[in-house]
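Enquirer: Quick one: structure below, then a few questions.
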Ligand code: IVH
C-alpha cells in the first residue's frame, strides 16, 4: 500500500509541476482531479501513510496557523542600490579594478514581491521562512505549501536552501482585488499579507507565484549553473536573464543549459539594462529594478559582504523613491473607542510640497507585512496625494535589526491589550487616554464645536482633576480657573459663553459628538428619520431586545444595529446620556430636526396594491409618499396620479390599466425616493 501511495503522489507531483511551473499541463483537469481524489482517498483510509509533503496538502488547512520565529541558516542580506547607469558602471569598474577582469555578470529582474527562503532536507521541503529582520524570519511553511509552483519534494535527495520572491501577477491581482472591492493596495502587500494569513486554506485561493533566484547547496559553481540546477530541481526560474562575459565558449555552454538567456560581452550590460527597462511595462508582474550579480561563486566569496549587503551584487532601481527617510520611532495612539494605532515617527522629509514627519502604520499586521523596524530606511508616499504612508523598507538597520512589536499593555493605563480582528484594543473604559480623546472629539469642530476648549485646555483641566468626563464640562465652576496661569477673566468668560452656546446644538449633533463606535452622522440622521428621535426611544427599543427594529432601517444593517444596542445597553453610556440631559443638552430632536425631505409628491394621489419586498407592511410605502407631500387613497379613480403595484396585484391593477393610470413598480418607486 505504501508503494501505491508513493506512486500516486509522484504522479500528482509531476502533474502539478507541469501545470504550475511550466504552465503546460500534461493531463486534462478531469484526470488531474481523479488522481487527486484517489490520493485523498488513500490517505484517508491509511492516515499513517499520508506524507507531510503530500501534494494533497496544497489546498491548505482551516486550522489557525501560528507563525513561530526561526533563525536563518543562510545569510539573507538586502541589496545595495544605484539609480543610474553610471552608478552601475562604476560598480563594475570597481570589481574589475580589484583584478577581476574576467568576472562574469548576470542581470536579473528585481521582483517586487515578498522575499522567501525555502529550506529542503534530503529533497523534502522542511521550512519556509520570511526574510524577517534578516536574522530570524517567520515560519510560514503551511502557507507556502499551497503555492503550486513550489516543489514539495525534489527529484534529488539534497539539502538545499533556495531564496526567491513570492509575487502576484498584475492581471490576477486586478481580478482578485475586484472580488474584494479593491481592498488591497498593491500586489506586493497582498502577497506579503497572504504569507502571514492565519488560514492556509484561504492562502490557497490567492494566486501566488514564485521565482527562485539564489540557491545554496554543496557543489554550486556559478550563479547561472545554480539557476539551471534550480530549474532541474523543478523550481520556477525567471526566463528574463542576461549573462555577460568575455569568454565565448562559456557563453555557448550556458546558452545550451539555459535556453532563452541573453548573452554578450561585459560592455553590453548597459544596452541590456536599457532594453529591459523599456520592457518593464509589458510584464504581467511588478519589478522595481534589475539586479546585477557576479556569476562566479569563488569571486563572490572573495568580494565578501558588508554588514548590510553583498559586494558581489547591486540593484539598479528604476525610480528613485518619492521620499526616502528613516523610521526614528513608533508611538502608540489610543482612540476614544480604545483602538490602538501605531504611528511612525520619521526623520522629517519633504514630499509633494510638504514636510512629513509622521505616518500611520495601521496595526501590527501592516508592520509585519512591511517587516518594519526602528532604524530602517523606508520609502514614503502620499496616497491620494494627501495621506502619508510608509510603503516599504528600503534597507533594514542591520546594525540593530528588528521588527517593531506593539507592546502588550496600554501605555496610559496598563491594561493588557485585546486583539480583535487586525487591531489591538484597550478595553478599559476608564483609560485616561480614551477619556481625553473622547472629550477632545466631543468639543471639536464638526461636533459640539466648543472652540474655547482646545486640546491644551482640556489636558490642563484633566490634569488638575477639574473634569473627569464629558458632562463635567457643563458642571465645572470655571471661576476656579482664575489665578491659574494663562486664565484671565476674559478667557474664562469666553469659555463659559461657548459652553452655554453649545447647549443649543441639535440632538443629532449631541448624538454624533458622543463618538459611539459605528454610529456616525449618517446613522444618526437615519435613526431620526425613522422615528428614533430621542435617546429615550432608542433606549426603550434596546430594552425590548428587538434588533430588527433597528436593522430594518434602510441602509442600517445588522452591524450598525448591533453597535447601537451595545452602546445603549452599557450602564456608563446611559449615565452619560442622563448627565447630559441634566446639563441641559438636547436629548431629543426638535420637531423640524432631521433632513428636510423634498416635497416631490405634492398634489399627487397614490393608490398602493400588492405586496413588496422592502415596504412590508405597505404602510411604510404610504408613509414615504406622505412624507413627500403626496396623498394616499384606497380606490382607483380618474383622479389617481399613480398606482404603486407590487407582486400579486389584483383588481386595482386591472382598473388602473383600464383608466390609463400610470403604474409604478417597487424598483421604480425606490428610485423616485432617492
Ligand atoms: S538577490 C543578497 N535577486 O530584493 C542578495 N533579490 O533589496 C540576495 N529581490 O530582499 C537577493 N528580485 O526580496 C535578489 N532577482 C533577485 C531579486 C531580489 C527581488 C528582492 C529580495 C531582496 C531585495 C533586496
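The values are calculated or read from the model by the stated rules, or taken from the named source; none is laboratory data. Quick caveat: nothing in here was measured; it's all calculated off a predicted structure. Here the Cβ is made from the backbone with ideal geometry for all residues, glycine too, and neighbour counts use every protein chain on show.
Enquirer: Can you find even one residue in the range 486-495 that is in contact (Cβ under 8 Å) with a residue 60 or more places away in the chain and closer than 30 Å to residue 589 by Cβ?
Expert: Residues of the range 486-495 that are in contact (Cβ under 8 Å) with a residue 60 or more places away in the chain, as a first pass: none.
Checked against the condition, which is being in contact (Cβ under 8 Å) with a residue 60 or more places away in the chain and closer than 30 Å to residue 589 by Cβ, the range 486-495 yields no hits at all.
Enquirer: Let me ask you something else. What are the residues in the range 500-515 that are free of Cβ contacts under 8 Å to residues at least 60 places away in the same chain and in contact with a helix residue (DSSP H, G or I) (Cβ under 7 Å, 6 or more places away or on another chain), if any?
Expert: Across the range 500-515, the qualifying residue is only 511.
Enquirer: Suppose we filter the range 547-578 for residues that are buried (at least 16 other Cβ atoms within 10 Å of the Cβ) and not in a helix (DSSP H, G or I); how many remain?
Expert: Number of matching residues: 2.
Enquirer: Only one of 261, 269 is more than 20 Å from residue 91 (Cα to Cα) and away from the ligand (no atom under 13 Å from the Cβ). Can you tell me which?
Expert: After applying the criteria, what remains is 261.
Enquirer: Being at negative phi, within 14 Å of the ligand (Cβ to nearest atom), touching a helix residue (DSSP H, G or I) at 6+ places or on another chain (Cβ under 8 Å) and not in a loop (DSSP other than H, G, I, E, B): is that true of residue 293 here?
Expert: yes
Enquirer: Select from the range 252-289 the residues that are outside any helix (DSSP H, G or I), out of contact with any helix residue (DSSP H, G or I) (no Cβ under 7 Å at 6 or more places or on another chain) and exposed (fewer than 14 other Cβ atoms within 10 Å of the Cβ) and list them in ascending order.
Expert: The answer is 259, 260, 265.
Enquirer: Just wondering, is there one or more residues in the range 472-480 that are under 34 Å from the mean Cα position of the chain (by Cα), within 23 Å of residue 508 (Cβ to Cβ) and modelled with pLDDT of 95 or more?
Expert: The first filter runs over the range 472-480 and keeps only residues under 34 Å from the mean Cα position of the chain (by Cα), leaving none.
No: the range 472-480 contains no residue that is under 34 Å from the mean Cα position of the chain (by Cα), within 23 Å of residue 508 (Cβ to Cβ) and modelled with pLDDT of 95 or more.
Enquirer: Continuing with the same structure: Tell me which residues, restricted to the range 365-378, are surrounded by fewer than 20 Cβ atoms within 10 Å (Cβ to Cβ) and either within 16 Å of the ligand (Cβ to nearest atom) or at pLDDT 95 or above (or both).
Expert: Of the residues in the range 365-378, the ones surrounded by fewer than 20 Cβ atoms within 10 Å (Cβ to Cβ) are 365-366, 374-375, 377.
374, 375, 377, listed by residue number.
Enquirer: Restricting to the range 90-100, give me the number of residues that are in contact with a strand residue (DSSP E or B) (Cβ under 9 Å, 6 or more places away or on another chain) and more than 16 Å from the ligand (Cβ to nearest atom).
Expert: 3
Enquirer: Taking the range 208-251 on its own, how many of its residues are in a loop (DSSP other than H, G, I, E, B) and within 11 Å of the ligand (Cβ to nearest atom)? If you could, list the steps in order and put the result at the bottom.
Expert: Of the residues in the range 208-251, the ones in a loop (DSSP other than H, G, I, E, B) are 217-221, 233-240, 245-247.
Checking which are within 11 Å of the ligand (Cβ to nearest atom) leaves us with 237-238, 240.
Total meeting the criteria: 3.
Enquirer: Still on this structure, please answer the following. Which one of the conditions (1) touching a residue at least 60 places away in the same chain (Cβ under 8 Å); (2) touching a strand residue (DSSP E or B) at 6+ places or on another chain (Cβ under 6 Å); (3) at positive phi does residue 362 fail to meet, given that it meets all the rest?
Expert: Just one mismatch for residue 362, condition (2).
Enquirer: Pick from the range 58-86 the residues that are touching a helix residue (DSSP H, G or I) at 6+ places or on another chain (Cβ under 6 Å) and either at pLDDT below 80 or within 16 Å of the ligand (Cβ to nearest atom) (or both): which of them is farthest from residue 194 (Cα to Cα)?
Expert: 82
Enquirer: Can you tell me how many residues in the range 152-163 are within 16 Å of the ligand (Cβ to nearest atom) and buried (at least 21 other Cβ atoms within 10 Å of the Cβ)?
Expert: 2
Enquirer: How many residues are in a loop (DSSP other than H, G, I, E, B) and away from the ligand (no atom under 16 Å from the Cβ) when one looks only at the range 164-195?
Expert: The qualifying residues number 6.
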